[in-house]
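Undergrad: I'd like to ask you about the structure that follows.
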Ligand code: 1CP
């Protein structure tokens, strides 16, 4: 068993810098496309054997130091009694967005083992196969709420902010329900065998610090403090576009702070104190010629040298257009430069 990733999460000294990539199981891999060509995205998410297969693909192909279970952050939202569709080329759609009290009241807080047995089964199957640690995950309540309120992806988040500013009681009622669901969901993943948990706060960078402190952070804190009562596995909190929020995100209670590429990792390390950090190569750097790609990797490794644990990653998900060979070159360079 290669435990380097877990050691880095706990801030222990490691023989080399472990690396994995957000969205490493996905569309840039022809092997993923081959599986996905046979089933819809939601069918894939609900098939433990296929989820296991596509989660293992990047471990074998890229030689990364951790696997992430294949699923989506929106799967538990469907289990809360919401209609969820994935439209080709457009992403997730909730045809009945939540805008009023009735919408919030109609949401269920499901038993995750009963409502999402396929996720727990995927975790159990993966643990039997993998020789690297398995990461489970969820969305953070704020990020999940944006999809529910907007009805899908968004750029300006008008409806979300409108509810937050003009109907704060409704907003908080919705967030409380999503938080309860997410909390139970992550605990169930830990029981099933996940060895670390990542909370994705993909859209939180649209919030001013004071709004983040009031409308997003308390819910992440609550999930992590609930987790601490039942498990000691590491928790990674990825607040995308969160450079202006670091002093706040470090109070979330996570072991590891995920960093996007917009912040210099040296600056982040100076500001996060005794947290381990994860990141933060610009995903577009994977399109560079090898020497330039390696120079950027080296710079991140050097600048993170003072951290209490560094897990190399991209600053956000790997892009579907990425040549897999480039991702493999990057993993090899991280390992070579850090002494494996
Ligand atoms: O057509 C397809 O095959 C679907 C593409 C796809 C994939 C491969 C979607 C739809 N989701 C996923 C898998 C996925 N999503 C994983 C597991 C794979 C891995 O990481 O290796 C994970 C962890 C996610 C998480 C996720 N889903 C996030 C958070 C991470 C991030 O990138 O910020 C978000 C925001 C989603 C929503 C979502 N699901 C799918 C898409 C295209 C999106 C993004 C839509 C948007 O931009 O709003």
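Throughout, read-outs are computed from the coordinates displayed, never taken from laboratory work. Only a predicted model underlies this, so the values are computations on that prediction, with no experimental measurement involved. A quick note on method: Cβ atoms are made from the backbone with ideal geometry, for glycine too, and the neighbour counts reach across all protein chains shown.
Undergrad: What does the convex hull of the Cα atoms come to per residue for region 202-252, in Å³?
TA: 70
Undergrad: Additional query: I'd like to compare 180-186, 150-156: which one has the highest average count of other Cβ atoms within 10 Å, and what's the full order after that?
TA: Values: 180-186: 23.3, 150-156: 14.4.
Result, highest mean first: 180-186, 150-156.
Undergrad: Here's another thing I want to ask about it. What are the radius of gyration and Dmax of region 207-340, computed over its Cα atoms and given in Å?
TA: For region 207-340, the Cα radius of gyration and maximum Cα-Cα distance read 15.8, 47 Å.
Undergrad: Still on this structure, I have one more. Just to be sure I understand: of the beta bridges DSSP finds with both ends in the chain, what percent are antiparallel, rounded to 5?
TA: Expressed as a percentage, antiparallel bridges in the chain total about 15.
Undergrad: To test your reading of the geometry: what angle, between 0 and 90 degrees and rounded to tens, separates the Cα axis of helix 217-230 from the longest principal axis of the chain?
TA: Orientation of helix 217-230: about 70 degrees from the principal axis.
Undergrad: May I ask for the distance between the Cα centers of region 87-166 and region 259-314, given as a whole number of Å?
TA: 28
Undergrad: Where the Cα atoms of region 1-85 are projected onto their three principal axes, how long is each span, largest first, in whole Å?
TA: Taking the Cα atoms of region 1-85, the three principal extents are 46, 30, 19 Å.
Undergrad: Taking the highest mean first, how do the peptides 3-14, 124-135 order by number of other beta carbon atoms within 10 angstrom per residue?
TA: Values: 3-14: 20.0, 124-135: 17.8.
Highest mean packing first, the order is 3-14, 124-135.
Undergrad: From the C-alpha gyration tensor of region 35-94, pull out the three semi-axes of the equivalent ellipsoid (sqrt of 5λ each), sorted largest to smallest, in whole Å.
TA: They are 24, 13, 11 Å, listed largest first.
Undergrad: Taking the chain as the reference, fit the longest principal axis to its C-alpha atoms, fit the long axis of helix 117-129 to the helix C-alpha atoms, and give the angle between the two in degrees, 0 to 90, nearest 10.
TA: Roughly 10 degrees between the two axes.
Undergrad: For the chain, take the longest principal axis of its alpha carbons; what is the angle in degrees between that and the long axis of helix 290-303, to the nearest 10 within 0 to 90?
TA: Relative to the chain, helix 290-303 is tipped by roughly 80 degrees.
Undergrad: How big is the chain on each of its three principal axes, counting only the C-alpha atoms and giving the largest first in Å?
TA: 57, 45, 38
Undergrad: Picking from 87, 172, 316, which is most flexible by a Gaussian network model of the chain using Cα springs under 10 Å?
TA: Comparing 87, 172, 316 in a Gaussian network model of the chain, the most mobile one is 87.
Undergrad: Sorted by average packing, counted as other Cβ atoms within 10 angstrom per residue and highest first, what order do 268-277, 139-148, 303-312 take?
TA: 139-148, 303-312, 268-277
Undergrad: Then there is this: With a 10 Å cut-off between alpha carbons and a GNM built on the chain, which of 198, 321, 57 moves the most?
TA: It is 321.
Undergrad: Oh, and also: If the viscosity is 0.692 mPa s and the temperature 37 °C, what translational diffusion coefficient in µm²/s does Stokes-Einstein give for region 271-329 when Rh comes from Kirkwood over Cα pairs?
TA: This corresponds to a translational diffusion coefficient of 269 µm²/s.
Undergrad: Can you give the calculated 222 nm mean residue ellipticity of the chain, where each DSSP H run of n ≥ 4 adds -39,500 (n - 2.57) and the sum is split over every residue, rounded to the nearest 500 deg cm²/dmol?
TA: On the way: 17 runs with 165 residues, N = 340.
Using -39500 (n - 2.57) per qualifying helix, the result is -14000 deg cm²/dmol.
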